[in-house]
Structure formats: structure tokens, C-alpha cells
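Have a look at the structure below before the remarks.
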Amino acid sequence: MKKRRKTKAGVQARGNDKQLSLHEFVRSSLYETVLIAGLLHVKQVLEEERAAVCGQRYRHTQERMAYRAGAVPSSLVLGGRKVVVTRPRVRTTDNQEVTLPSWTAWSGADPLEARAIEQMILGVSTRDYHRSLETLPEEVRSRSTGKSAVSRRFVRGTQQQLAKLLSRSLEGIEPVALYLDGVHVADHVVVTAIGLDASGKKHVLGLWEGATEHSATCTALLENLVERGLRTDRALLVVIDGSKALRKAVAAIFGKRVLVQRCQEHKKRNVLDALPNAKRESVKRALNEAFRTRDAARARRLLDNLIRRLAQEHPGAAASLKEGLDELLTVKELGMDELLERMLSTTNVIENMIGNVRDVGARVKRWRGGHMVLRWCAAGMLEAERHFRRIKGHAGMKDLVSALRKHDTKLDGRSTDRVVIAA
């Protein structure tokens, strides 16, 4: 019979297996111990409160105003689910139900909707929701972890988020710059808005659903923002992707007060798409040189030269570049800090949020109407807002505010309200 040799690696591997099993056993035992002890404490507290109301058991008290009425199976929220708890009942002498204080506190807040939204945004499906929760001891019964229950909680929670977002007051935000862009979801287009305050902090402002990125949809979004406190009586920088519908809506709502910046990255893609592959690299270098220069006049000369070069052989690309040319250099003409200028010259800020919206809704296989689209978009936008930081180059926001106030003065000969720059 051949003897198995004990190697050092084999002994160490078996030792690691035993150590891992011990760790898992200790962890499981600790979790179950804490959980069961907590449920026993709940039972003890409720019984003590019942005794305080009804008096001690088997003692006759003439002044007693309530009596024990047995117990009933109920449930409390614990770890993303509801666990079954036996609730002691108390009734008054005139047969009215008395709710114990601790039970009122424990059952008053229901964090299940927030937990369902959190799990689904992180990619957990309704079918697998129960698998994302800690396992319970066999003696503890639970419910509300099924697909339908989780789905209902998600719908309720996202409806509340959408309603809160659409009614959020903008009076305390006072944006000085506004980013507008649309996201296509199934047969719907949702136009979204992000605002920058005077300190460079980003805020989700709102969204609006339509069949296309039509000017009526864009106007409806802006009108909703105005109703909630967005001012139209002073200058505002608006950054858009070049959509004619957005441009028309912005002009209709803000008039001459608005300064429009067309996204340079969108313009670059549009021009290059109108060129053959052999010409794209050289034109791309020319566009980058114009957009990177700090001198607005020089940038304009470089772009005019490029339009003339393209006009004969590629008139489509030349026309694309010429369209809205002045609004490609709006921020550059304001004399902003280089880093802030770059952040205000493209729609990357809002496109990052839209990317998060797409990621959140990527697992949805069937969209059931525009309201569902709005709920999911609102959930994705608010999730992105949780991770917002101040815009890069925010130290130069004071220069933007100053430029906007000068624009106001140019229009009406006087300065509008001062904007306080947050530290």
C-alpha cells in the first residue's frame, strides 16, 4: 500500500480550510446570536410596556384602565425584509385598541422602499433580491422578499422620487449656468437639466418626457423650471449640444438674457462625420487647435480658415462647422480660467449623468409607458446627484458671475441682484 506523503503545502492548505470553516462558523453563529437576541429583546420590551399599561399579571387592580388581549402575528422591517414578530395586544375597558409606544416607533418608518431602490440601482433584479440579503436562522420567518413585493416597493419609491424632483424648489439654488440634453429611452425622449450655482456645485434641476426632442418638450421643461423658481430676469449661461429645438426653447424662455454655448465636442463629431476617413485626422487637429487657443479672435480666424479650406471639396462639413459658429466661442470670449472654460464649453457634465441613467435602466427589457421611463430616469439622475462634486475649475466661477452681470448691465444699464460666492 502506497503511503501518502505529507507535504508542507498540503498541510498548510488543509489548515487554511479548517481556519476558513471556523471563521464562517463564528460569523454565522455571531449573526444568528445577535439576531435572535435582538428579537427576544423586542419581545421583552413590548411585554414590559404592556405590563406598565395593564399592571402585573394575575393582580386585580380596580384603577386598571386597560387589559391584556392576547397576541397577534405581525411583522417588523429587518435587513431589507419583514420578519414575523408576535405582537402583544392591549385593549381599554371600553374595547379600544392601545398601541404600545415601542411598536409605534419600530413600525412607523418603513425603509423597505429605499432598500429596494438601492438594490435595483446597484443591479440586483427583483427575482434575486432575496439572495442579496443575509440569511436568517430557520426559526425566524420572513416575508416581503418576493419579486412582486419588491417591484411594488420600487414603483412606490420611484414615484415619490419623481414627484419630489418635479416639485423641488429652485429658489435657494440660483443657477448661473444651465446644461440641457436629452436621453432616448425606447420610443421616448427625456430632456434633462443640470444647474451650476455660483460656487460651482452641480444640481439636478428637472426632466420632461416627450416623443421627440421637439421644441415644445424643451419649452415645457424650461417652463417647469421657471415655475419652481428659476429666474429669467438676469443673464444665464446655457450649454446645449446644438439641438435646434433646445436653442429655440431657450430663446423663447430667456430672450436676450441668455448666453448660449454650443458643445464643441458635438460640433467636432458632426464635422468629422461629414468627411471621408482620409481627411478626418487633419481636420480634427485643426479643430483642436482652434478650441484650445486662449484667444477668442485667433480661434475664430482658425475656424474661418478651416471653413474656407473645406468649402470646395466638402461643403457639407463646411456648412456643419459654420452653423452656430459664434456660439461655439461664447465661453472663450468671456475670458474664463482655462480649466473652467473647458468644462463650460461641452455638455460632458450632463452627459456623465445621462450615462448613469442609461446604466440604471439597462436591465429593463420592456418599457411600459412614459411614466415608467420618467421614474427610472429620475432614479438614475438622483443616484448620480449623490456623487456630484463641484465642477473642475470652480475657483473661477466668480469670473463667470461677473461676466453675466456685465451682460445684464449692457442690456439694461444697471446691475441686477448680487450673487454671493460660497466659500
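Observations
- Strands (runs of 3 or more DSSP E) wholly inside region 194-268 containing at least 2 residues that are farther than 20 Å from ALA378 by Cβ: 236-240, 258-262
- Output for region 98-121, where each listed residue is at pLDDT 75 or above, surrounded by fewer than 19 Cβ atoms within 10 Å (Cβ to Cβ) and not in a helix (DSSP H, G or I): VAL98, THR99
- Any hit, region 344-362, residues being touching a residue at least 60 places away in the same chain (Cβ under 8 Å) and acidic (Asp, Glu): yes
- Hits in region 60-97 (condition: out of contact with any Gly (no Cβ under 8 Å at 6 or more places or on another chain), in a loop (DSSP other than H, G, I, E, B) and β-branched (Val, Ile, Thr)): THR93
- Among the residues of region 170-184, none qualifies, meaning not one is in a helix (DSSP H, G or I) and either small (Gly, Ala, Ser) or crowded, with 16+ Cβ neighbours inside 10 Å (or both).
- Counting only helices (runs of 4 or more DSSP H) wholly contained in region 271-385, the ones carrying 3 or more residues that are surrounded by fewer than 20 Cβ atoms within 10 Å (Cβ to Cβ) and either over 30 Å from the mean Cα position of the chain (by Cα) or not assigned by TED's automatic domain parsing to the domain that holds VAL183 (or both) occupy 277-292, 296-311, 315-322, 338-344.
- Looking across region 199-212, the residues that are small (Gly, Ala, Ser) and surrounded by fewer than 21 Cβ atoms within 10 Å (Cβ to Cβ) come down to SER199, GLY210, ALA211.
- Residue match in region 129-145 (condition: among the β-branched types (Val, Ile, Thr), buried (at least 16 other Cβ atoms within 10 Å of the Cβ) and outside any loop (DSSP other than H, G, I, E, B)): no
The values are calculated or read from the model by the stated rules, or taken from the named source; none is laboratory data. Just so you know, these numbers come straight off a predicted model, no measurement behind them. Quick reminder, even Gly has a Cβ in these numbers, built from the backbone with ideal geometry, and neighbours come from all protein chains shown.
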